Amino acid sequence: MPKRKSSRTVEEINRKIKEGRVVVVTADEMTDIVRRKGPEKAAREIDVVTTGTFAPMCSSGALINFGHTKPTIKASKAWLNDVPAYAGLAAVDIYIGATEPAEDDPLNRVYPGQFKYGGGHVIHDLVAGKKVNLKATAYGTDCYPNREFEKKVRLSDLPYSVLLNPRNAYQNYNCAVNLSAKTIYTYMGVLKPKASNANYSTAGRLSPLFNDPYYLTLGMGTRIFLGGAQGYVVGPGTQHNPGVARSKNGVPLSPAGTLMVMGDLKEMDPKWIAGVSMLGYGCSLAVGLGIPIPILNEDMARYTGVSDEELFTRIIDYGGDYPKGEAKSLGQVSYAELKSGTIKFNGQDVQTVPVSSYVRALEVARALKSRIEKGGFLLVDPQVMIPTVERPEQT
């Protein structure tokens, strides 16, 4: 293979995509390439690395305009399939959050505090083409006299609908255990007493922000795979916190960066947007999200070549410390250990349980790879970069 320049631009990569000459690999493939050839040679040979994740992302929701009614209405309260949506935006604009439960949930009637159906399920049903019952009430004004409106609607009936997620693609997350004497039910799944299991929710070497730990290629306008469609990074997500402790390769050792993302709901696939009911916790939305990382130089090749053995997270007690707001680290564990099925903790073997799906994350990365290779997905230079911290080699 002829030697290539050690650095390139997004514009050059896009030209190769259009010409059908682009070289794209998934993040797991890049790990092996960098291990065999080193980052310098990998940077010359590879143009794009695709990443992926598929997991419950509670900070998600849909911004919807349901269209003007006759007579007109200025909705003050709204529901979709009995799930409350926020209506304090404008006349017929509403926002439905993924974790909002239905008001008369049948499971909650039998088991208080548990919910079978919520905002995430509404979003999935809309994307799946199902009819959803829309209800809105109002106090009435001269220009918006209607006080109540109700109608069955499909996604195709809605003039405007976007998935707008305030916090997705968490860069690393906790490994959760429960040191208490009773089983607890959390957004990290069911945790058995006395650290009988350890749950985690990150795709390891496939995870988007693990492959660009300092967000050197990410920012407002970055084009991504979101829910099966082309979506975009809006900016840093809520709770974005890049200033945490990092390993030698720059990867955070605890929850750090997050992204706010958006995409056209009408272009999405129900395979990649799924309502979730978590026992004893509530509702959420599982989101398929992938980011193409342009290999602009040797640094990006090195970052995208990271292995599960090099990625670590902290162990947190969700039975005591976490609900108190203390979240003290009980130790570090690698994603290679987590994916092996057991970890050593307090001198015993503890079964590990993934809350995210590595299999589906790999499907996302491969689907994104295929779209780029076929010329249907171009990269975008960010307009405003994601806030980051100074890299050690720059100090």
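Below are the figures for this structure:
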| quantity | calculated |
| --- | --- |
| Residue that is farthest from the chain's Cα centre (by Cα) [pool: residues in the stretch 146-185 that are of a type in the set (S, T, N, Q) and over 27 Å from P213 (Cβ atoms)] | N146 |
| Selection from the stretch 6-45 of residues that are assigned to a loop (DSSP other than H, G, I, E, B) and either acidic (D, E) or farther than 19 Å from G305 by Cα (or both) | T9, G20, R21 |
| Of all residues in the stretch 244-279 being assigned to a strand (DSSP E or B) and in contact with a helix residue (DSSP H, G or I) (Cβ under 9 Å, 6 or more places away or on another chain), the one that is farthest from Y358 (Cα to Cα) | R246 |
| Criterion: basic (K, R) and either under 25 Å from G227 (Cβ atoms) or modelled with pLDDT under 95 (or both) - qualifying residue of K182, K130, K192 | K130 |
| Some residue of the stretch 32-48 being touching a helix residue (DSSP H, G or I) at 6+ places or on another chain (Cβ under 8 Å), within 30 Å of G119 (Cα to Cα), in the same structural domain as D308 (by TED's automatic domain parsing) and not small (G, A, S) | no |
| Near pairs, Cβ below 8 angstrom, 6+ apart or cross-chain, from the stretch 31-43 (under 15 Å from I293 (Cα atoms)) to any residue that is acidic (D, E) and in a helix (DSSP H, G or I) | P39/E298; P39/D299; A43/E298 |
| Which numbered condition S161 fails, given (1) assigned to a loop (DSSP other than H, G, I, E, B); (2) buried (at least 16 other Cβ atoms within 10 Å of the Cβ); (3) among the small types (G, A, S) | (1) |
| Failed criterion for E150 (all others in (1) charged (D, E, K, R); (2) part of a loop (DSSP other than H, G, I, E, B); (3) surrounded by fewer than 21 Cβ atoms within 10 Å (Cβ to Cβ) hold) | (2) |
| Checking E12 against (1) touching a strand residue (DSSP E or B) at 6+ places or on another chain (Cβ under 8 Å); (2) without any contact (Cβ under 8 Å) to a residue 24 or more places away in the chain, the condition it does not meet | (1) |
| Looking only at the stretch 303-343, and only at residues there that are of a type in the set (V, I, T) and buried (at least 17 other Cβ atoms within 10 Å of the Cβ), the one that is farthest from E40 (Cα to Cα) | I316 |
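The values are calculated or read from the model by the stated rules, or taken from the named source; none is laboratory data. On a predicted model such as this, the values are computed, not experimentally measured, just so you know. For neighbour counting, all protein chains shown are included, and Cβ atoms are generated from backbone atoms with ideal geometry for every residue, glycine included.
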